[in-house]
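Student: This is the structure, below, for whatever I ask next.
What follows is calculated from the coordinates using simple rules that are stated; it is not laboratory data. Please read all numbers here as calculations on a predicted model, not as lab measurements. Here the Cβ is made from the backbone with ideal geometry for all residues, glycine too, and neighbour counts use every protein chain on show.
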Amino acid sequence: MVEESRRGRLLSLKLTALVRDHVGETDLAPMPFALGAAAIAGTTGWVLLDERPHSGLGPSLAWAVRAGVERLHVLADEATGTLARRGEAFRLPIEVWHVDDRALLPAIAEPLQEQLQVPEEHERFRALIRDGGATPVAEQGVLIGEVRGLEVCRVVNDAVTGAARLEVGIGQHDREAFQMLHGDVPTVDALAKVVAAVAPHRQNGAAQGLVHHDG
């Protein structure tokens, strides 16, 4: 996936620029990280979340533990209030920063919101997502399927009929294109093909089982 590799390099450059402008640190060592970019300076780790930052703290922590850092800075341009609240629950010192153009603003922990439940008619797709090789994840009332932190499908209500269905693809535009091209493919088979294509490229820096879902 040339495009994904190119985006990874751009995110690494962005992280370096943000850290340099904020603390003057120039001795950063880039590290592989599947959900964005990461780097180490001494015993301090820096992570820039690009994909679904709302769920990025667990993978960031897993990376930090493997890298052996003693302090972790997490950067994102959304969901930073949620990340800051979740970061308070861990022994490892975690500082969350909101990315505002080229500036880093300290994130303010938001109070816990009421967790929305996945509709019952959507829950019936959980087994299908698992059969297709993805990991079912419920997030604020939405059921999605992930491959090592990357969303590859989600359950939605059809805009015309209102019926629940599983959309397959990475991102909204990809899901729409996939539906147009492969609408007659059984969903589990379609999902399995996407999982098979994505999985080999999600090895470096990916983590499972450490994501902290509290809403």
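Student: Just to confirm a number: summing +1 for Lys and Arg and -1 for Asp and Glu over residues other than residue 104 whose beta-carbon lies under 13 angstrom from that of residue 104, what do you get? Each step should come with its number before you reach the end.
Tutor: Details: positive: 14, 20, 102; negative: 21, 25, 77, 95, 100, 101.
Net local charge, residue 104 excluded: -3.
Student: Also, quick follow-up: Pick from 139, 121, 151 the residue whose mean-square fluctuation is largest in a GNM of the chain, springs joining Cα atoms under 10 Å.
Tutor: 121
Student: Apply the Karplus curve 6.51 cos²θ - 1.76 cosθ + 1.60, θ = phi - 60°, to the phi angles in region 84-92 and return the couplings in whole Hz, x for Gly and Pro.
Tutor: Result, rounded to whole Hz: 5, 5, 5, x, 5, 8, 10, 5, 5.
Student: Relative contact order of region 98-180: what whole-number percent is it, with Cα pairs under 8 angstrom and at least 6 residues apart? Can you show the working numbers first?
Tutor: On the way: 107 pairs, mean separation 14.4, N = 83.
For region 98-180, the relative contact order is 17 percent.
Student: Now for a different question. Please check: in the Gaussian network model of the chain (C-alpha springs, under 10 Å), which one of 109, 192, 127 has the largest mean-square fluctuation.
Tutor: Between 109, 192, 127, it is 127 that shows the largest mean-square fluctuation.
Student: With a Förster radius of 41 Å, plug the Cβ-Cβ distance of residue 27 and residue 142 into 1/(1 + (r/R0)^6) and report the FRET value to the nearest 0.05.
Tutor: 0.50
Student: Per residue of region 12-20, what does 6.51 cos²θ - 1.76 cosθ + 1.60 with θ = phi - 60° give for ³J(HN,Hα)? Whole Hz please, x for Gly and Pro, Karplus curve as stated.
Tutor: So the J values, rounded to whole Hz, are 5, 5, 5, 4, 4, 5, 5, 5, 4.
Student: Can you tell me which of 125, 33, 178 moves the most in a GNM of the chain? Springs connect C-alpha atoms under 10 Å apart.
Tutor: Result for the chain, Cα springs under 10 Å: 178 fluctuates most.
Student: Could you pull out every residue, at least 5 positions away or on a different chain, whose amide H is within less than 5 Å of the one on residue 38? Hs are placed 1.01 Å off N in the peptide plane, and Pro or chain starts have none.
Tutor: Excluding prolines and chain starts, which carry no amide H, the hits are 31, 33, 48.
Student: What does the charge count near residue 45 come to, summing +1 for each Lys or Arg and -1 for each Asp or Glu among other residues with Cβ under 9 Å from its Cβ?
Tutor: On the way: positive: 71; negative: 70.
That works out to 0.
Student: Another one. What full-extension length gain, to one decimal in nm, is calculated for residue 117 and residue 161 as 0.36 nm per residue of separation minus the Cα-Cα distance? Present the calculation step by step, with values, prior to reporting the outcome.
Tutor: On the way: separation 44, 0.36 × 44 = 15.84 nm, distance 2.19 nm.
Here the answer is 13.6 nm.
Student: Which shape class, rounded, prolate or oblate, goes with region 120-201 when its Cα gyration tensor gives a ≥ b ≥ c as root eigenvalues, a/c under 1.5 marks rounded, and past that a/b bigger than b/c marks prolate?
Tutor: Values: a/c = 1.56, a/b = 1.15, b/c = 1.35.
It is oblate, given that a/c is not under 1.5 and a/b is not larger than b/c.
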